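The values are calculated or read from the model by the stated rules, or taken from the named source; none is laboratory data. Only a predicted model underlies this, so the values are computations on that prediction, with no experimental measurement involved. Neighbour counts run over all protein chains shown; Cβ positions are idealised from the backbone, glycine included. Surface areas here come from the heavy atoms of the whole protein model, side chains and all, with no ligands, DNA or RNA. Shrake-Rupley method; radii C 1.70, N 1.55, O 1.52, S 1.80 Å.
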Amino acid sequence: MSSSSITTLPAIQSYTQDERSLILECGGPRVAITVLTATMIRVRVAFEGDFAPHRSWSPLAPDDTWAAVPFTVQETADELVLATDSLQVHMQRSPCRLAFSDRDGRRFCEDTAGSYRGHASERQHGDPQCESSAVAQPAGCAKAIAPDEHFFGFGERTGQLSKRGITLMHWTTDPPPGHGPGTDPLYIAVPVMLALRPGLAYGVFFHSTWRSFFDLGQQQPDTWRMETSNGELDYMVIYGPTPARVLEGIGQLLGTMPLPPRWALGYQQSRWSYPDEQTVRWLAGEFRHRGLPCDVIHLDIDYMDGYRVFTWHPERFPDPARLIADLRQAGFRVVTIIDPGVKVDPDYAVYREGVDQGMFVTHRNGDLFRGYVWPDESVFADYTRPEVRAWWGQLHRPLLEQGVSGIWNDMNEPTVFRQPFSAGVSSWDTIALDAVQGPTDEQTNHAEVHNLYGHTMARACYEGLRQHRPEKRPFVLGRSGFAGSQRWTAFWMGDNHSWWDHLEMAMPQLLNMGLSGIPFVGTDIGGFFGHGSGELFARWMQFGILSPLCRGHSSLYTTGQEPWVFGPEIESICRDYLQLRYRLLPYLYTLFWEAAQQGSPILRPLFYHFPDDPATYQLHDQVLLGPFLMAAPVYQPGRTHRSVYLPEGPWYDWWDGTRIMGPTHILAHAPLERMPLYVRGGAIIPTGPDMSYTDEYALNPLTLQLYPGSGRFHLYEDDGESFAYEQGQFCTTTFSLHGGSLVANRPARSILALTLGARTGSYTPPPRQLILHLHGVSWHALDGHPSAVYDEDQRMLTLQRTDDGQAQTLLFQMGPYSEF
């Protein structure tokens with residue numbers, strides 16, 4: 001499309017104001033500037049003058065559900081300026097262009113060409129799926145890129161952490177096997193962006209469920225664009241100024257994840273497939289016999305009767321309730337896969353009921369849309385309709401009654417094969433884009449809601465599980481979704497390969513998912529396709545135990561990837577790291593609580609806590625688990641050393657307690673059994689006992705791993721299973737470290753103070769012992785604790801006492817600085 005066909009906004013002719021918004025009149029086109037919070041602004045551009053109505057399937061709440069926020073409007077000859085307590089929106093009069101600034105006057109998200117209609121991204125030309133969407137003219141806007149600005153988020157992506165200089169499409173897609181750094185798009189579409197430069201961070205949510213694009217300086221290095229196939233432009237700007245504050249705003253806007261059951265934080269073992277009851281019992285026995293922690297066994301599609309969802313194969317799984325009960329006695333939960341395709345079979349109750357009640361997607365002429373998936377010819381539920389979601393949710397009830405603990409949703413981009421599966425594996429596509437979906441009063445075509453198919457399926461599943469087993473928190477795992485899907489489901493990153501490249505790719509993938517507001521994520525440990533090696537599996541397990549979702553999975557016809565398959569050495573390494581994850585559960589569970597409360601990521605890039613350090617901006621291969629624990633996984637074969645960057649401040653080697661001052665680069669020793677792991681000074685990391693599964697023992701003892709410096713940690717506890725926490729049945733304890741105060745007349749020594757805050761809340765954990773491990777240098781307890789013992793080799797002071805939940809401050813004296 002030529003530039004002559006592009007329509008930009010003309011001058012502002014007048015405006016009106018109410019308690020939430022300014023409406024700019026531009027001689028036909030209209031622009032709405034809505035204040036959602038003091039740091040969050042919604043921008044809508046209606047080129048025809050009429051704003052589109054709110055859609056029931058939108059991930060956003062209607063504007064009028066937000067509390068009104070005070071703002072002022074000032075006028076000059078050249079612009080209007082809307083100001084809240086935190087930011088300003090500058091509206092240039094002629095032509096109409098927008099820019100934002102903070103209280104120090106730093107501009108960001110600033111229009112260059114402004115909002116426009118009629119431009120088509122280069123990636124969009126010649127795309128038959130896009131052209132078939134019957135949208136006459138896309139809409140978009142162009143913004144300036146600051147010289148030191150980087151872009152992150154955008155959901156599930158391949159490639160590096162920073163996305164500057166490339167174009168990304170938002171269109172849920174099951175990619176061909178073997179996706180690499182240039183593959184785009186993938187399974188999950190999340191049009192959420194985090195922009196960062198020293199001193200300033202902001203986010204953008206591009207509110208379009210249609211196919212959309214971000215060009216982050218590929219066509220013009222100093223300009224980024226967002227563009228949608230829909231004719232209306234709608235986006236939200238979320239001001240920081242830090243990444244943490246941006247993520248908090250994204251959580252307010254799109255919702256946060258629910259607190260999962262604690263067992264979902266344990267290790268999960270999967271394969272396509274464990275084909276029968278005998279194999280599943282053998283698998284469970286091997287984990288327990290070998291002392292390998294595990295909480296969950298996944299059952300892939302072969303547990304079903306002819307791939308009919310919500311059924312069991314009568315011969316391979318003759319008594320699923322008994323099997324699941326026996327596994328539960330051994331500490332295992334069962335998660336079963338459910339796909340959206342419902343087999344066309346008049347004798348199959350799910351198909352018959354769905355047809356009778358009109359639950360499936362249809363063509364314009366009213367005929368059912370039919371496509372091929374695992375059970376061959378199938379139909380697909382229309383989850384955009386509330387009555388369909390309710391029907392689909394209740395279909396899970398028999399599985400729950402048989403003891404199934406969670407549901408794994410797959411193939412929900414949705415994927416549709418080009419020929420019957422019984423005829424062999426083929427290429428694939430999706431539901432016809434002109435197929436009809438939506439409630440009667442807002443019917444649309446699949447092109448508008450394609451990106452929401454996995455999102456709405458996950459919602460149907462989560463709400464069904466919560467309704468039909470209200471005393472237990474649901475666990476839902478999905479492959480496809482949209483912005484806001486964190487409210488219903490965790491995600492794995494789809495069908496990866498047993499390649500070192502895919503281990504490397506996993507780190508920025510998970511980090512960018514967290515920066516998009518979706519924190520409960522993981523990859524298939526070891527890789528899904530292909531035959532992996534023991535070395536690769538060990539290195540992937542080392543990273544995997546830090547992933548919010550910790551699941552091993554592998555494909556049919558590949559070498560099994562249970563931890564013992566590669567021999568005793570690899571099994572021992574896997575055991576050590578799985579045990580480390582289980583010891584870290586008190587820390588990890590608290591991070592999940594923070595994610596549920598604030599939208600914060602669990603796995604974080606280093607810039608999340610060091611946003612003014614540009615050296616961290618493109619660091620894709622180091623990760624922070626929460627605020628304190630930093631890992632530098634090894635992701636190349638044969639490596640026994642790797643470079644590690646330590647940002648400003650003191651850091652301690654997790655394995656030997658060595659203290660290193662940052663900022664600095666070091667060469668870390670990393671033999672196969674060791675992943676470089678470091679702790680920030682001032683860290684307080686609560687740990688628990690070794691366990692085979694998450695509820696094998698109560699948290700006793702509670703051990704605090706303490707590292708000299710100043711820091712704080714709020715430990716969260718509840719029953720780990722029910723929704724009682726929503727009624728206040730939880731407790732928190734704040735632990736604080738304060739270091740560096742000099743002892744009178746002893747300038748070469750200093751004092752470290754540990755404050756054990758009083759436990760608050762209505763939940764009371766079982767009685768327990770509290771153990772303090774103080775790392776790093778020679779320590780002496782000043783309060784004369786008889787249990788205090790210093791281990792010279794481990795550089796660690798150990799102190800044990802009863803955890804009575806009462807406030808207390810303990811003082812420790814540090815040895816001479818020469819002992820560091």
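Structure summary
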{"quantity": "Inter-label distance for residue 144 and residue 636, nm, one decimal - labels placed 7 Å from Cα along Cα-to-Cβ", "calculated": "4.0 nm"}
{"quantity": "Gain on full stretching of the segment that runs from residue 426 to residue 367 - 0.36 nm per residue minus C-alpha separation", "calculated": "18.8 nm"}
{"quantity": "Total charge dipole magnitude, the chain, about the Cα centre, Cβ charges on Lys, Arg, Asp, Glu only, Debye to nearest 20", "calculated": "1340 debye"}
{"quantity": "Extension gain (nm, one decimal) between residue 499 and residue 719, 0.36 nm per residue minus Cα-Cα", "calculated": "75.3 nm"}
{"quantity": "Qualifying lysines (Cα of each under 25 Å from Cα of residue 163; at least 8 residues distant if same chain)", "calculated": "143"}
{"quantity": "Peptide ranges 143-152, 627-636 listed from the most packed, as the mean C-beta count within 10 angstrom indicates", "calculated": "627-636, 143-152"}
{"quantity": "Per-residue SASA entry for residue 312, accessible area with 1.4 Å probe, Å² rounded to 10", "calculated": "30 Å²"}
{"quantity": "Per residue value of the accessible surface for the stretch 412-460 (all protein chains in place, 1.4 Å probe), Å²", "calculated": "33 Å²"}
{"quantity": "222 nm mean residue ellipticity, helices alone, for the chain (DSSP H n ≥ 4; -39,500 (n - 2.57); rounded to 500)", "calculated": "-5000 deg cm²/dmol"}
{"quantity": "Efficiency of FRET between residue 289 and residue 813 - r from beta-carbon atoms, R0 41 angstrom, step 0.05", "calculated": "0.30"}
{"quantity": "Residue-span extension gain [residue 48 to residue 441] - 0.36 nm each, minus C-alpha spacing", "calculated": "139.3 nm"}
{"quantity": "Sparse-neighbour loop sites [GluC sites (Glu not before Pro); the stretch 281-365; at most 14 other C-beta within 10 Å; DSSP]", "calculated": "315"}
{"quantity": "FRET efficiency, 1/(1 + (r/R0)^6) with R0 30 Å, evaluated for residue 86 and residue 222 via beta carbons", "calculated": "0.65"}
{"quantity": "Cα-based reach from residue 472 at 14 Å (exclusive), listing aspartates and glutamates while leaving out same-chain residues under 8 positions away", "calculated": "401, 463, 718, 719, 721, 726"}
{"quantity": "Area accessible to solvent at residue 499, 1.4 Å probe radius, in Å²", "calculated": "100 Å²"}
{"quantity": "Share of carbon and sulfur in the accessible heavy-atom surface of the chain [1.4 Å probe, %]", "calculated": "48 percent"}
{"quantity": "Theoretical FRET efficiency, 1/(1+(r/R0)^6), r = Cβ-Cβ of residue 469 and residue 565, R0 41 Å, to 0.05", "calculated": "0.75"}
{"quantity": "Correct choice for Rg/Rh (Cα atoms, Kirkwood Rh) that was computed from the model, options [x] 1.11; [y] 1.04; [z] 0.97", "calculated": "[z]"}
{"quantity": "Spin-label pair residue 315/residue 329, simplified geometry with 7 Å Cα→Cβ offset, distance in nm", "calculated": "2.8 nm"}
{"quantity": "Residue 753-residue 38 pseudo-label distance in nm [points 7 Å out on the Cα-to-Cβ vector]", "calculated": "3.0 nm"}
